[in-house]
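Engineer: Here's a structure for you.
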Amino acid sequence: MRQAERDGNLRAALTWAGKAVAFSDTARLWTTYARLALDAAQGGDRAQRRQRRTDALRAGLNGYLRSHTSAAQAEALRVLAKALEENSRGRDMIPALRLVQTLAPSEGNAAALDTAIARHGFRILAYQIDSDAAAPRICARFSEDLVPAGVDYEPFCGVRSAAWSRR
């Protein structure tokens, strides 16, 4: 498996990793399989890429669930977070990276979490301004639903000064 990976033969490395996982079912091998599946997802046809990304997601989760140390859990979660992003589930990678930072605090893990939040966290996706109406307004579409009750959003939507509103 390692030699095939060193030779750049990701397909063979993935095959060998799959056989090793089937034989031993260890956390380290599940995590390795997930990482190799993500690397191999860069090639092949569309269906193969999608299947490898899905396999990476499942294998990363298995790596985490079978881990017995914080370091192994953190490594599996890092791979799982990447698999989540590759499967268009970037928002779901944020809790995984938060757990990584809890298990193995480091500047690198904090930076990865900050990057994920910047890319996939709560934000405005689109907006529309209606300035020609008698009462001008703005409509914003957020990346997540707002909490229906118990949160006062007015402090986030107010006009700062009367001078600003007359311009």
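The values are calculated or read from the model by the stated rules, or taken from the named source; none is laboratory data. None of the values given here were measured: they were computed from a predicted structure. Reconstructed Cβ throughout: ideal geometry from the backbone, glycine too, with neighbour counts over all protein chains shown. Quick note on the areas: whole protein, heavy atoms, side chains included, nothing else; ligands and nucleic acids left out. Shrake-Rupley method; radii C 1.70, N 1.55, O 1.52, S 1.80 Å.
Engineer: Taking region 1-158, how much of its Cα-Cα pair set, in percent, is spaced more than 20 angstrom apart?
Structural biologist: Result for the distance tail: 60 percent.
Engineer: Nearest 0.05, what FRET efficiency do Ala149 and Asp25 give at R0 = 45 Å with Cβ-Cβ as r?
Structural biologist: Taking R0 as 45 Å, the efficiency between Ala149 and Asp25 is 0.45.
Engineer: Another question, then. Can you list the HN-Hα couplings for region 39-52, worked out from phi with the Karplus curve (6.51, -1.76, 1.60; θ = phi - 60°), rounded to whole Hz and with x for Gly and Pro?
Structural biologist: With coefficients 6.51, -1.76 and 1.60, one gets 5, 6, 5, 7, x, x, 7, 4, 5, 5, 4, 5, 5, 5 Hz.
Engineer: Turning to a different aspect of this structure: Suppose R0 equals 30 Å; then what is the FRET efficiency for Thr102 and Asp45 from their Cβ-Cβ distance, rounded to the nearest 0.05?
Structural biologist: 0.20
Engineer: Given charges of +1 on the Cβ of Lys and Arg and -1 on the Cβ of Asp and Glu, with all other atoms neutral, how large is the dipole of region 1-114 about its Cα centre, in debye to the nearest 20?
Structural biologist: 300
Engineer: Find which of Ser143, Pro95, Leu125 sits farthest along the positive direction of the dipole of region 60-167, computed with +1 on the beta-carbon of Lys and Arg, -1 on that of Asp and Glu, about the Cα centre.
Structural biologist: Going by the Cα projections, it comes out as Leu125.
Engineer: Grab the other residues whose beta carbon is less than 15 angstrom from that of Ile117, score K and R as +1, D and E as -1, and report the net.
Structural biologist: Within the 15 Å Cβ shell, the charges total +1.
Engineer: Could you tell me the center-to-center distance, by alpha carbons, between region 7-59 and region 116-139 in angstrom?
Structural biologist: Between the Cα centre of region 7-59 and that of region 116-139, the gap is 41 Å.
Engineer: Compare the peptides 96-106, 31-41 by average per-residue count of other Cβ atoms within 10 angstrom and give them in order, highest first.
Structural biologist: Highest to lowest by the protection proxy: 31-41, 96-106.
Engineer: For every other residue with a beta carbon closer than 11 angstrom to the beta carbon of Met93, add +1 if it is Lys or Arg and -1 if Asp or Glu, then tell me the sum.
Structural biologist: Charge balance near Met93 sits at +3.
Engineer: Decide, for region 34-121, between rounded, prolate and oblate: order the square roots of the alpha carbon gyration tensor eigenvalues as a ≥ b ≥ c, take rounded if a/c falls under 1.5, and otherwise choose prolate if a/b is larger than b/c, else oblate.
Structural biologist: oblate
Engineer: Could I ask something else about it? Heavy-atom accessible area per residue, the chain, 1.4 Å probe: how many Å²?
Structural biologist: Heavy-atom SASA per residue in the chain reads 69 Å².
Engineer: By how many degrees, 0 to 90 and rounded to 10, does the Cα axis of helix 107-120 deviate from the longest principal axis of the chain?
Structural biologist: Its long axis makes an angle of about 60 degrees.
Engineer: Can you give the angle from 0 to 90° between the axis of helix 90-103 and the longest principal axis of the chain, with both taken from C-alpha atoms, to the nearest 10?
Structural biologist: Around 70 degrees separate the two axes.
Engineer: Could you give me D for region 27-82, from Stokes-Einstein at 25 °C and 0.890 mPa s, where the hydrodynamic radius is the Kirkwood radius over C-alpha pairs? Units µm² s⁻¹, please.
Structural biologist: Calculated translational D: 228 µm²/s.
Engineer: Which one, Ala40, Phe23, Gln51, projects farthest toward the positive side of the charge dipole computed for region 21-137 from Cβ point charges (K/R +1, D/E -1)?
Structural biologist: Phe23
Engineer: Under the definition of Cα pairs under 8 Å and six or more residues apart, what whole-number percent is the relative contact order of the chain?
Structural biologist: 12
Engineer: Same structure, new question: Divide by every residue of the chain the summed helix terms, -39500 (n - 2.57) for each DSSP H run of at least 4, and state the resulting mean residue ellipticity at 222 nm, rounded to the nearest 500 deg cm²/dmol.
Structural biologist: Rounded to the nearest 500, the figure is -20000 deg cm²/dmol.
Engineer: Kindly sort Ile117, Ile94, Ile124 by accessible area of their heavy atoms, largest first, with the probe set to 1.4 Å.
Structural biologist: Largest to smallest exposure gives the sequence Ile124, Ile117, Ile94.
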